[in-house]
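Structure, as C-alpha cells:
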Amino acid sequence: MSHVATHVIATAGHVDHGKSTLVRALTGIEPDRWAEERRRGLTIDLGFAWTTLPSGREVAFVDVPGHERFLGNMLAGLGPTPVVCFVVAADEGWQAQSSDHRDAVAALGIRHGLVVISRVDRAPDRVADVVAQARAELAGTGLQDAPSVAVSAVDGTGLPDVRATLDDVLAAVPEPSRTARVRLWVDRSFTITGAGTVVTGTLAAGTLAGGDRLDVIGRRRVRDVVVRGLQSRGEPSAALGPVTRAALNLRGVSAEEIRRGDVLITPGAWDTTRTLDVRRVSGAVFTAAFIREPAQLTVHVGTAAVPARLRPFDDGHARVVLDRGLPLVLGDRL
C-alpha cells in the first residue's frame, strides 16, 4: 500500500459561485457527471476529481451542489469529509446558500479548510471587501481563521496560490489512524459489467484490502459482503488507507440492495443505535434553541438522511429516536 499522504476535500458555497469550475481548473477533470448538469451548468449531485499538489500530496475533491433544492446531496458530500474549500464569488459576495453551507460546516465540526474568492476577473476591486465579508460570516465556525486566496479559474490567476495554500492547510490536518475500525459511508452504488456491484465513499480511518469481509448496515437488514477489489483515483489498489476516496467492488450484495446512506463497517467492531441524546453545537452561529414540543425531522449524519423524532429536554439538549439503527459513537456530529 502506498504511504503517500492523501486527503479528501469537499467544496462548499452558493450556487454558481464557481466550485465546479475551480475543481476542473485544479484537476483537469470534469466533476459534473450527469449530462443534465453539464447542459444546465448546475451541479445536482456529488462530483469527484483528483490531483497531486506540489508537495506530492494526493488529493481528491468531492464537489457538492450549491442550489437550495439539493442541500441533502450537499450534506452527504460534507458529512464524511474533514477539509473544506469554501468558495465565495468576488462579483456577488456572500449569498443565501453561502449561509446554508456555513451552517453545515459549523454543525459538522469541520475545522480545516480555506476560503477561495472566485471570479476575481469579474470584480478585482471587490476582493478585499468580499474577504472581509466572508471572515465576518464565518466567525464562530471552524473556518474563522482559514486562509483566503483570490482566484480566477478562467484566466488562471491565483491557481498556484490555491495549490500552495492547500498544501499548507493539509500539512496541519492530524494523521488519521490506519488501524482504526472501518466505517465507510456509501455515497454511490452502481453495477459494472463483468465486475458486479461497486460502491464509493470516503475512507476516513482504518485500512481496506482485497478479501476483507465487511458488514453493510442498510435500511432493511445487516448483511455481510466481501471486498473483491479496490480502486482510488481511477487506479486499482491492493489496499487503501485513510483519508482516501475509495471504490469497492463487492461480492454478496446487488447494487439495488445498497445505496447512499448505507454504511460499510468492520464486523463485530460497532454497535448500532436508534436512540441518541444530543446537544446543540457550542458556538455555532446559526443554532436556535430546541423547540419545546416533540417534532419529526430528518437527521443527516455521514451520507445518511434518516427520519427521526426529537424530544427536547431543555434549550440545549434533546433525545433523538432514529427510524433505523446506525453505527454512531460519542462525539459524532449530525
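The values are calculated or read from the model by the stated rules, or taken from the named source; none is laboratory data. Please read all numbers here as calculations on a predicted model, not as lab measurements. Glycine also receives a Cβ, built like all others from the backbone with ideal geometry; neighbour counts cover every protein chain displayed. For the accessible areas, the whole protein counts, side chains as well, though only heavy atoms, and no ligand, DNA or RNA atoms are used. Shrake-Rupley method; radii C 1.70, N 1.55, O 1.52, S 1.80 Å.
Go through the residues of the range 115-122 one by one and say whether even a single one is open to solvent by 10 Å² or more (accessible area, probe 1.4 Å) and over 20 Å from Ser20 (Cβ atoms).
So far as the range 115-122 goes, no, none of its residues is open to solvent by 10 Å² or more (accessible area, probe 1.4 Å) and over 20 Å from Ser20 (Cβ atoms).
Collect the residues in the range 186-207 that are in a strand (DSSP E or B) and farther than 15 Å from Arg251 by Cα, keeping them in residue-number order. Before the answer, list the steps.
So in the range 186-207, the residues in a strand (DSSP E or B) come out as 186-192, 196-203.
Val186, Asp187, Arg188, Gly201, Thr202, Leu203 - these are the residues of the range 186-207 that are in a strand (DSSP E or B) and farther than 15 Å from Arg251 by Cα.
With respect to Val154, determine if the residue is open to solvent by 30 Å² or more (accessible area, probe 1.4 Å), under 22 Å from Thr21 (Cα atoms) and hydrophobic (A, V, I, L, M, F, W, C). Explain how you work it out, then say what you get.
Values: open to solvent by 30 Å² or more (accessible area, probe 1.4 Å): yes; under 22 Å from Thr21 (Cα atoms): yes; hydrophobic (A, V, I, L, M, F, W, C): yes.
For Val154, the condition - open to solvent by 30 Å² or more (accessible area, probe 1.4 Å), under 22 Å from Thr21 (Cα atoms) and hydrophobic (A, V, I, L, M, F, W, C) - is met.
Given the conditions (1) at pLDDT 95 or above; (2) open to solvent by less than 40 Å² (accessible area, probe 1.4 Å); (3) assigned to a strand (DSSP E or B), which single one is not true for Arg228?
Result: Arg228 fails condition (2) only.
Going by the structure shown, is Arg260 at pLDDT 90 or above and open to solvent by 20 Å² or more (accessible area, probe 1.4 Å)? First the steps, then the outcome.
Details: at pLDDT 90 or above: yes; open to solvent by 20 Å² or more (accessible area, probe 1.4 Å): yes.
Judged against the criteria, Arg260 is a match.
Looking only at residues that are among the polar types (S, T, N, Q) and open to solvent by less than 60 Å² (accessible area, probe 1.4 Å) in the range 274-304, which one is modelled with the highest pLDDT? Steps first, please.
Within the range 274-304, the subset among the polar types (S, T, N, Q) is 275, 282, 287, 296, 298, 303.
Narrowing the set further to residues that are open to solvent by less than 60 Å² (accessible area, probe 1.4 Å) leaves 287, 303.
Numbers: Thr287: 47, Thr303: 93.
Filtering first and then ranking leaves Thr303.
Conditions (1) closer than 22 Å to Gly241 by Cβ; (2) at pLDDT 95 or above, marked per residue:
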| position | (1), (2) |
| --- | --- |
| Gly140 | no, no |
| Ala146 | no, yes |
| Gly156 | no, no |
| Leu159 | no, yes |
| Thr165 | no, yes |
| Leu184 | yes, yes |
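If I filter the range 241-252 for residues that are more than 27 Å from Arg324 (Cβ to Cβ), open to solvent by less than 10 Å² (accessible area, probe 1.4 Å) and among the aliphatic types (A, V, I, L, M), do I get at least one hit?
There is no residue in the range 241-252 that is more than 27 Å from Arg324 (Cβ to Cβ), open to solvent by less than 10 Å² (accessible area, probe 1.4 Å) and among the aliphatic types (A, V, I, L, M).
Which of the following residues is hydrophobic (A, V, I, L, M, F, W, C) and under 17 Å from the mean Cα position of the chain (by Cα): Val226, Val169, Val222, Val154?
On the way: Val226 fails: under 17 Å from the mean Cα position of the chain (by Cα); Val222 fails: under 17 Å from the mean Cα position of the chain (by Cα); Val154 fails: under 17 Å from the mean Cα position of the chain (by Cα).
Unique residue meeting the criteria: Val169.
If only one of Ala104, Ala146, Ala132 is surrounded by fewer than 19 Cβ atoms within 10 Å (Cβ to Cβ) and not in a strand (DSSP E or B), which one is it? Before the answer, list the steps.
Numbers: Ala104 fails: surrounded by fewer than 19 Cβ atoms within 10 Å (Cβ to Cβ); Ala146 fails: surrounded by fewer than 19 Cβ atoms within 10 Å (Cβ to Cβ).
Answer to the selection: Ala132.
Just name the residue that is surrounded by the fewest Cβ atoms within 10 Å (Cβ to Cβ) out of those in the range 83-99 that are of a type outside the set (S, T, N, Q) and out of contact with any Gly (no Cβ under 9 Å at 6 or more places or on another chain). Give the steps one after another, and end with the answer.
Going residue by residue through the range 83-99, those that are of a type outside the set (S, T, N, Q) are 83-94, 96.
Applying the additional criterion that residues be out of contact with any Gly (no Cβ under 9 Å at 6 or more places or on another chain) yields 90-94, 96.
Details: Ala90: 25, Asp91: 14, Glu92: 17, Gly93: 18, Trp94: 19, Ala96: 11.
Per the stated criteria, the residue is Ala96.
Go through (1) buried (at least 17 other Cβ atoms within 10 Å of the Cβ); (2) in a loop (DSSP other than H, G, I, E, B); (3) in contact with an Asp or Glu (Cβ under 7 Å, 6 or more places away or on another chain) one by one and return the number of the condition Pro267 breaks.
So Pro267 meets the others, but not (1).
Kindly evaluate Arg178 against the criterion of being charged (D, E, K, R) and farther than 24 Å from Thr6 by Cβ. Can you show your working first?
Values: charged (D, E, K, R): yes; farther than 24 Å from Thr6 by Cβ: no.
No: the conditions fail for Arg178.
Go through (1) at pLDDT 90 or above; (2) assigned to a helix (DSSP H, G or I); (3) open to solvent by 10 Å² or more (accessible area, probe 1.4 Å) one by one and return the number of the condition Asn73 breaks.
All conditions are met except number (1).
Any residue in the range 252-270 that's closer than 7 Å to Val186 by Cβ: show its pairings with residues that are aliphatic (A, V, I, L, M) and in a loop (DSSP other than H, G, I, E, B) at Cβ separation under 7 Å, as long as the two are six or more apart or on different chains.
Leu264/Val182
Can you name the residue in the range 305-333 that is part of a loop (DSSP other than H, G, I, E, B), aliphatic (A, V, I, L, M) and within 21 Å of Gly261 (Cβ to Cβ) and, of all such residues, is least open to solvent (accessible area, probe 1.4 Å)?
By that ranking, first place goes to Leu328.
Identify, by number, the condition in (1) of a type in the set (Gly, Ala, Ser); (2) at pLDDT below 95; (3) in contact with a Ser or Thr (Cβ under 9 Å, 6 or more places away or on another chain) that Ala90 doesn't meet.
For Ala90, the exception is condition (2).
Could you please tell me which pairs satisfy a Cβ distance under 7 Å, a separation of 6+ or placement on different chains, a first residue in the range 301-312 that is in contact (Cβ under 8 Å) with a residue 60 or more places away in the chain, and a second residue that is assigned to a strand (DSSP E or B) and aliphatic (A, V, I, L, M)?
Sorted first by the residue in the range 301-312, then by its partner, the pairs are Val301/Leu326; Gly302/Val263; Thr303/Val186; Ala304/Leu326.
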